[in-house]
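Asks: To start, I am sharing the structure in question, which I have written as structure tokens.
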Amino acid sequence: MNHTAIIGGGIGGLISALLLSRQGVNVTIYEKEARLGGRLAFEERDGFRIDQGPTIVLLPDMFQELLEEAGIGRDRYELIPCDPFYSLEFPDGLTFTKYREPERHLAEMKRVFPGEIEGFQLFLKEGKERFTIGKTSFLEESFVNPFDFWKPTNLKSLFKLRPYQSVKSLMSRYFQDERLQAIYALQSLYIGGNPFQAPAMYSLVSFAEHEYGIHYLKGGYASLVPVLEEELRRRGVTIHLNSEVTEIPREGKRVTGVRTKSGLKHFDSVVFNGDFPGIDPLIKRKPTRKYEPSSGCVLFYFGLNKVFDEVNVHHYVMGESFSDHMKDVFEEKKIPADPAIYTFHPSKIDDSLAPEGKGVLYALVPVPSDTEIDWRNEREWMDSLIDKLEARAFPGLRDAIEWMEVRTPQDAEASGLHRGGSFGVAPTLFQSGVFRPQVKPFSIENLYAAGASVHPGGGIPLVMQGAKLMADQLLNDQKDHAIKGVNVHV
Ligand SMILES: Cc1cc2nc3c(=O)[nH]c(=O)nc-3n(C[C@H](O)[C@H](O)[C@H](O)COP(=O)(O)OP(=O)(O)OC[C@H]3O[C@@H](n4cnc5c(N)ncnc54)[C@H](O)[C@@H]3O)c2cc1C
């Protein structure tokens, strides 16, 4: 039986382990931290629990189908549709809410942006066409063999995704109002991309919200981790926690196993699930490429003595100028003076996250990564953001706070994320598709990769899809080896 080591127990590593073990591969996971889940984690304190990272379940069909393929049935977790999806509140007092139900959403468009209905309908129509193409020729395709990407039929399909245009400029094709353009372009920030530069195919995200909805995983997104862990342990997958892999030794065109503080262990194949740029030192290879990190985040987590029933689960407090905010983050790389803030207040629909009558709140501020800024010294700026939240969305917030924690790009970098980017390497044109690290990244026969910095990219469902592409590749390679009569048993 093939024995595979998976380095990292993030969602990419866990889904890889589930898919491979289901096909009879003997899997061992090495995780450097004391728990599995990676970015899927909770901030926990005094009976309160709030997601640290992912909050929005996008592409629920893809998410559920991939979990099923990994052996996790729909009865083992609960997805709650969010309706409304979220509201966006602008400094001039304008508030726009996105609804799940098309009629209700159209009524809201008519109320707030009456001249923009036709453009919105065109956005939906063209978005559907692009999504169909993008799913089959991008998300579900691996480009381990670059010729698969450069095939004329594939290029023709991909060209329809308008890679030469940015998400923001594509939105200006549909919408006149700058605010509406921002409302439908800001979703590239979900994967740490600059809406003014990320190729237009990433507009699939804002389209997918309308097509498939936004969901909340009951108990918090990170409550998925124990479900996956339980299944892995039931199947006999070996899990080593507190076990950092420090080397993946190589012999010629193959890796031979992994080295941890306990010594060297041999494996037939190795899957790397850490943030991809971190693979070079492990295989003792000089970096041949400089990866641009995605944006960073300053994150606030609050334990509250109340629940704010009047605010939606997901909410945006917009700044005066979204384009200035993006310029600060991606071009000038400075502390954004007046940023848009995303808030997540799951206590509105889930009372399991805090003691009775109390609540939790999360606020995310997109900020630059890869800077010398010492975020811990920026208390005044952080205070101004809490004031803004209080003034614009959560009246009485300061009085309601029982505790607060903050995470910054420095914490992200310390946890192993490339240059403090929260979402993996940035989704730029030249770090997407064939240009992104692939599931079999080098001409090393038995070394694989899965995770947000690997094709097809970041966000939980996409990382799961990447794990599937990786597992298919590994299983096929194993079959080829068996046919050629190579002994892969250790
Ligand atoms: C603030 C924030 C908000 C987000 N919001 C959303 C959202 O709403 N919806 C969504 O779908 N996605 C969201 N994401 C993105 C999503 O969290 C990621 O795409 C996904 O979790 C990445 O999973 P991964 O497996 O690639 O990596 P990780 O979760 O980073 O896991 C990698 C694991 O590898 C381990 N590791 C690394 N190196 C080694 C080593 N040498 N030895 C042993 N172990 C090692 C790490 O400790 C870690 O546990 C968000 C991310 C952040 C940070």
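The values are calculated or read from the model by the stated rules, or taken from the named source; none is laboratory data. Please read all numbers here as calculations on a predicted model, not as lab measurements. FYI the Cβ positions are ideal-geometry reconstructions off the backbone, even for glycines, and counts take in every protein chain you see.
Asks: Can you name the residue in region 84-94 that is out of contact with any helix residue (DSSP H, G or I) (no Cβ under 7 Å at 6 or more places or on another chain) and surrounded by 15 or more Cβ atoms within 10 Å (Cβ to Cβ) and is also nearest to F322 (Cα to Cα) among such residues? Quick ask: steps written out before the conclusion?
Replies: From region 84-94, those out of contact with any helix residue (DSSP H, G or I) (no Cβ under 7 Å at 6 or more places or on another chain) are 84, 86-87, 91-93; that's our starting set.
This time we only want the ones that are surrounded by 15 or more Cβ atoms within 10 Å (Cβ to Cβ), so: 84, 86-87.
Values: P84: 22, Y86: 17, S87: 16 Å.
Out of the qualifying residues, it is S87.
The rows are residues; the columns are (1) within 14 Å of the ligand (Cβ to nearest atom); (2) within 30 Å of N194 (Cα to Cα).
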{"site": "L241", "(1), (2)": "yes, no"}
{"site": "E247", "(1), (2)": "yes, no"}
{"site": "R254", "(1), (2)": "no, no"}
{"site": "S262", "(1), (2)": "yes, no"}
{"site": "K265", "(1), (2)": "yes, no"}
{"site": "N312", "(1), (2)": "no, yes"}
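Asks: With respect to R173, is the statement that it is surrounded by fewer than 18 Cβ atoms within 10 Å (Cβ to Cβ) and within 29 Å of D324 (Cα to Cα) true?
Replies: On the way: surrounded by fewer than 18 Cβ atoms within 10 Å (Cβ to Cβ): yes; within 29 Å of D324 (Cα to Cα): yes.
Spelling it out, R173 is indeed surrounded by fewer than 18 Cβ atoms within 10 Å (Cβ to Cβ) and within 29 Å of D324 (Cα to Cα).
Asks: OK, next. Kindly provide the set of residues from region 20-40 that are in a loop (DSSP other than H, G, I, E, B) and within 6 Å of the ligand (Cβ to nearest atom), ordered by number.
Replies: Answer for region 20-40, where residues must be in a loop (DSSP other than H, G, I, E, B) and within 6 Å of the ligand (Cβ to nearest atom): E31, K32, E33, G38, R39, L40.
Asks: Could I ask something else about it? Quick one: is I80 closer than 17 Å to G213 by Cα and assigned to a strand (DSSP E or B)? Reasoning before the result, please.
Replies: Numbers: closer than 17 Å to G213 by Cα: yes; assigned to a strand (DSSP E or B): yes.
It is true that I80 is closer than 17 Å to G213 by Cα and assigned to a strand (DSSP E or B).
Asks: Kindly indicate the residue of region 430-464 that is in a helix (DSSP H, G or I) and within 11 Å of the ligand (Cβ to nearest atom) and also nearest to F159 (Cα to Cα) among those meeting that condition. It would help to see each step written out before you state the result.
Replies: The first filter runs over region 430-464 and keeps only residues in a helix (DSSP H, G or I), leaving 430-431, 433-435, 460-464.
Among the residues that remain, those that are also within 11 Å of the ligand (Cβ to nearest atom) are: 460-464.
Numbers: I460: 26, P461: 24, L462: 21, V463: 24, M464: 25 Å.
Going through the qualifying residues, I end up with L462.
Asks: Within region 44-52, is there a residue that is of a type in the set (G, A, S), more than 9 Å from the ligand (Cβ to nearest atom) and assigned to a helix (DSSP H, G or I)?
Replies: Applying the first criterion (of a type in the set (G, A, S)) to region 44-52 yields 47.
Restricting the remaining residues to those that are more than 9 Å from the ligand (Cβ to nearest atom) gives 47.
So of that shortlist, the ones also assigned to a helix (DSSP H, G or I) come out as none.
The answer is no; no qualifying residue exists.
Asks: Please determine whether any residue of region 220-229 is under 23 Å from D472 (Cα atoms), among the charged types (D, E, K, R) and modelled with pLDDT of 95 or more.
Replies: Yes, because at least one residue in region 220-229 is under 23 Å from D472 (Cα atoms), among the charged types (D, E, K, R) and modelled with pLDDT of 95 or more.
Asks: What strands (runs of 3 or more DSSP E) lie completely within region 282-376 and have 3 or more residues being in contact with an Asp or Glu (Cβ under 9 Å, 6 or more places away or on another chain)?
Replies: Working: elements: 296-304, 314-317, 341-344, 359-367.
In region 282-376, 296-304, 314-317, 359-367 are the strands (runs of 3 or more DSSP E) which contain 3 or more residues that are in contact with an Asp or Glu (Cβ under 9 Å, 6 or more places away or on another chain).
Asks: Moving to a separate point now. Among F423, F394, which is surrounded by 24 or more Cβ atoms within 10 Å (Cβ to Cβ), in a loop (DSSP other than H, G, I, E, B) and within 11 Å of the ligand (Cβ to nearest atom)?
Replies: Details: F394 fails: within 11 Å of the ligand (Cβ to nearest atom).
None of the other options fit; the residue is F423.
Asks: Under 7 Å between Cβ atoms, which residue pairs at least 6 apart in sequence (or on different chains) link something in region 439-456 that is of a type in the set (D, E, K, R) with a partner that is more than 16 Å from the ligand (Cβ to nearest atom) and not in a loop (DSSP other than H, G, I, E, B)?
Replies: K440/Q473; E445/R254
Asks: Out of E101, E108, E78, which single residue is of a type in the set (D, E), within 22 Å of the chain's Cα centre (by Cα) and either at pLDDT 95 or above or not assigned by TED's automatic domain parsing to the domain that holds A393 (or both)?
Replies: Values: E101 fails: within 22 Å of the chain's Cα centre (by Cα); E108 fails: within 22 Å of the chain's Cα centre (by Cα).
Only one candidate passes the filter, namely E78.
Asks: Go through S347, S352 for me and flag whichever is buried (at least 20 other Cβ atoms within 10 Å of the Cβ), among the small types (G, A, S) and farther than 27 Å from Q197 by Cβ.
Replies: On the way: S352 fails: buried (at least 20 other Cβ atoms within 10 Å of the Cβ).
From the options S347, S352, the qualifying one is S347.
Asks: Of the residues L204, L224, L241, which is more than 15 Å from G134 (Cβ to Cβ), of a type outside the set (F, W, Y) and buried (at least 21 other Cβ atoms within 10 Å of the Cβ)? Can you show your working first?
Replies: Numbers: L204 fails: more than 15 Å from G134 (Cβ to Cβ); L241 fails: buried (at least 21 other Cβ atoms within 10 Å of the Cβ).
Going through L204, L224, L241 in turn, just one is more than 15 Å from G134 (Cβ to Cβ), of a type outside the set (F, W, Y) and buried (at least 21 other Cβ atoms within 10 Å of the Cβ): L224.
Asks: Give just the number: which of (1) in contact (Cβ under 8 Å) with a residue 60 or more places away in the chain; (2) more than 30 Å from N154 (Cα to Cα); (3) surrounded by fewer than 24 Cβ atoms within 10 Å (Cβ to Cβ) does E413 not satisfy?
Replies: (1)
Asks: What are the residue pairs meeting all of these: first residue in region 348-369, first residue assigned by TED's automatic domain parsing to the domain that holds F302, second residue in a loop (DSSP other than H, G, I, E, B) and among the basic types (K, R), Cβ atoms under 8 Å, and 6 or more apart or on different chains?
Replies: D350/K218; S352/K218; G357/K306; K358/K306; G359/K306; P368/K333; P368/K334
Asks: Among (1) touching a His at 6+ places or on another chain (Cβ under 7 Å); (2) closer than 22 Å to I133 by Cα, there is one condition G458 misses while meeting the rest; what is its number?
Replies: (1)
Asks: Next up: With respect to G278, determine if the residue is modelled with pLDDT under 95 and either more than 9 Å from the ligand (Cβ to nearest atom) or in contact with a helix residue (DSSP H, G or I) (Cβ under 9 Å, 6 or more places away or on another chain) (or both). Show your work before the answer.
Replies: Working: modelled with pLDDT under 95: no; either more than 9 Å from the ligand (Cβ to nearest atom) or in contact with a helix residue (DSSP H, G or I) (Cβ under 9 Å, 6 or more places away or on another chain) (or both): yes.
In short, no.
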